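Student: Quick one: the structure is below, and I'll ask about it shortly.
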Amino acid sequence: GRKLVEDLPAPFETYAASLVAIGLIEPSPDLLPRLERLYTRQVVGFYDPAEKKFFVVPERTRDAGGPAGDLMEQILLAHELTHALQDQRLGLDRRMRSLRDSTDALLALQAFLEGEATIVMTDALLASVPEEAREALGGDPLGQVLDGLDDPSSVDGADGVPEFFVEELVFPYARGTAWVREKRLSGGWRAVDAVYGALPTTTREILRPGAKLPPRRLLSAANRPDPGRLAKGLEAAWADTLGEWALGFLLEKAGAGGETAREAAAGWHDDRVVFLVPKGSRVGDGIGFLWRIRAASHAAATRIGSLLAPLYGGRPDGSRPTISVRRDVVEVSLRAAGPAR
């Protein structure tokens, strides 16, 4: 629980209230203990770049028993030692802390890290089983691993946890493994090694393995929300770049079909959101925000705006964000509640 809270860009109550305000989650009682349970249930072992150590939960490997438990420990070792080697090359603690103001960039980095480690782990598994057992896995064992990963409904401990957190947890493993797999298929491990010199910085890249993407159209300085230029009586709680994956999640939550949401979100090029609170407000109280999304074109921006609108349509006036489109920029804004108490 302490590690979960430490890694957030804002106090937990403010962070959760911000996600509710923008529509990524619904208000959820006892959210922190539910999240702690979700993440704890996934842990068999983990590498901590801050401490340069990895940890194994022996109770989880012992549950498998005998040779199966030994095999689980071997493949876990392969996965976590891959993270240790990644850390040697990238300085993960410093790098990941520097990305706390971009959900998008952090998810993209995690996708590469978990994708590579999952493929190394799968290779270690295949090398550890007898030939006859390997044949039983079929001609594409990594494809079977991917099929198992890409199913948020099967995540242990997800009951009562908002879907956003579950899908965010699954994304680096499912999408990241598919992305790294394509790299290895097209150019072998040499192509995977080359990623260290040009790391993915957006979920836009991860969502399209192997695709050559047009250059991004970034928000101009004038359109980028500036925490230093706020309305009187407000202060910035935190800022974020949500990215294409989170935008697609919101569009689907707003009622767009999966394919429609993904197609519309593919028009994303950049975004920035600043979450605002009245000065002197209690933690998590009175959250507002200013979110601007730069799209590929005016038509793409208009589509994103129109598909987002139903997400907020049922809210009371005081908590309903307004949406406007100017040229290729969508603006979604919600006035922070006041006065401060």
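The values are calculated or read from the model by the stated rules, or taken from the named source; none is laboratory data. Every value quoted in this text rests on a predicted model; they were computed, and no experiment measured them. Glycine also receives a Cβ, built like all others from the backbone with ideal geometry; neighbour counts cover every protein chain displayed. Heads up: the accessible areas ignore ligands, DNA and RNA and are worked out on the full protein's heavy atoms, side chains in. Shrake-Rupley method; radii C 1.70, N 1.55, O 1.52, S 1.80 Å.
Student: Which of Arg100, Arg327, Arg190 moves most in a GNM of the chain, Cα contacts under 10 Å?
Tutor: Between Arg100, Arg327, Arg190, it is Arg190 that shows the largest mean-square fluctuation.
Student: Please report the net charge: other residues with Cβ closer than 13 Å to the Cβ of Gly313, K and R +1, D and E -1. Provide the component values of the computation, followed by the final result.
Tutor: Numbers: positive: Lys253, Arg315, Arg320; negative: Asp317.
With Lys, Arg at +1 and Asp, Glu at -1, the net is +2.
Student: So what are the ³J(HN,Hα) numbers for region 95-101, from phi and the Karplus equation (6.51, -1.76, 1.60; θ = phi - 60°), rounded to whole Hz, Gly and Pro as x?
Tutor: Values per residue, Gly and Pro as x: 5, 5, 5, 5, 9, 5, 9 Hz.
Student: Further, regarding this structure: Using the Cα centre of region 288-341 as the reference point, and only Cβ charges (+1 on K/R, -1 on D/E), how large is the resulting charge dipole? Debye, rounded to the nearest 20.
Tutor: That gives a dipole near 80 debye.
Student: Suppose every K and R has +1 on its Cβ and every D and E has -1 on its Cβ; what is the size of the dipole of the chain about the Cα centre, in Debye to the nearest 20?
Tutor: Charge dipole, the chain, about its Cα centre: 1880 debye, nearest 20.
Student: Counting only heavy atoms of the protein chains, get the accessible area per residue of the chain (1.4 Å probe) and round it to a whole Å² value. Walk me through the numbers on the way to the answer.
Tutor: Working: 16920 Å² over 341 residues.
Result: 50 Å² per residue.
Student: Still on this structure, please answer the following. Collect residues whose amide H, placed 1.01 Å from N in the peptide plane, falls under 5 Å from the amide H of Gly45; neighbours closer than 5 in sequence don't count.
Tutor: Amide H to amide H, under 5 Å and 5 or more residues apart or across chains, Gly45 pairs with Val57.
Student: Could I ask something else about it? Towards the positive end of the charge dipole of the chain, with charges on Cβ (+1 Lys, Arg; -1 Asp, Glu), say which of Leu109, Tyr39, Ala221 has the farthest Cα.
Tutor: With unit charges placed on the Cβ atoms, the residue in question is Ala221.
Student: If you don't mind, another one. In whole Hz, with x marking every Gly and Pro, tabulate ³J(HN,Hα) for region 242-251 from phi via Karplus 6.51 cos²θ - 1.76 cosθ + 1.60, θ = phi - 60°.
Tutor: Here the 3J(HN,Hα) series is 7, x, 5, 4, 5, 4, x, 4, 5, 5 Hz.
Student: Also: Provide the FRET efficiency to the nearest 0.05 for the Ser319-Leu126 pair, computing r from the beta carbons and using R0 = 45 Å. Mind showing how you got there, number by number?
Tutor: Details: r = 52 Å, r/R0 = 1.16.
After rounding, the FRET efficiency stands at 0.30.
Student: If you don't mind, there's one more thing I want to ask. What is the spin-label model distance, in nm, from Gln42 to Asp140 if the labels are put 7 Å beyond Cα along the C-beta direction?
Tutor: Going from the Gln42 label point to the Asp140 one covers 2.5 nm.
Student: Under a GNM of the chain (C-alpha, springs under 10 Å), which listed residue has the highest mean-square fluctuation: Gly197, Gly257, Gly143?
Tutor: Ranking Gly197, Gly257, Gly143 by mean-square fluctuation puts Gly197 first.
Student: Taking the Cα-to-Cβ direction at Lys52 and at Leu213 and moving 7 Å from each Cα, how far apart do the two end points lie in nm?
Tutor: The modelled label-to-label distance comes out at 3.4 nm.
Student: Roll a 1.4 angstrom probe over the protein heavy atoms and tell me the percent of accessible area of the chain that is carbon or sulfur.
Tutor: Details: 8920 of 16920 Å².
The C+S portion of the solvent-accessible surface of the chain is 53 percent.
Student: Given only helices, namely DSSP H runs of n ≥ 4 each adding -39500 (n - 2.57), what is the per-residue ellipticity at 222 nm of the chain, to the nearest 500 deg cm²/dmol? Could you put the intermediate results ahead of the total?
Tutor: On the way: 14 runs with 178 residues, N = 341.
So the helix-based figure for the chain works out to -16500 deg cm²/dmol.
Student: Sort out for me the Cα centre separation of region 165-223 from region 287-314, rounded to whole Å.
Tutor: Measuring centre to centre over Cα atoms gives 24 Å.
Student: Cross-chain or 8 or more residues apart, Cα under 28 Å: how many lysine pairs in the chain fit that? Count them up, please.
Tutor: Values: Lys3/Lys52; Lys3/Lys53; Lys3/Lys279; Lys52/Lys183; Lys183/Lys212; Lys232/Lys279.
Here the count comes out as 6.
Student: When the Karplus curve 6.51 cos²θ - 1.76 cosθ + 1.60 is applied with θ = phi - 60°, which whole-Hz ³J(HN,Hα) does each residue of region 206-212 get, with x for Gly and Pro?
Tutor: Residue by residue, region 206-212 yields 5, 6, 10, x, x, 7, 8 Hz.
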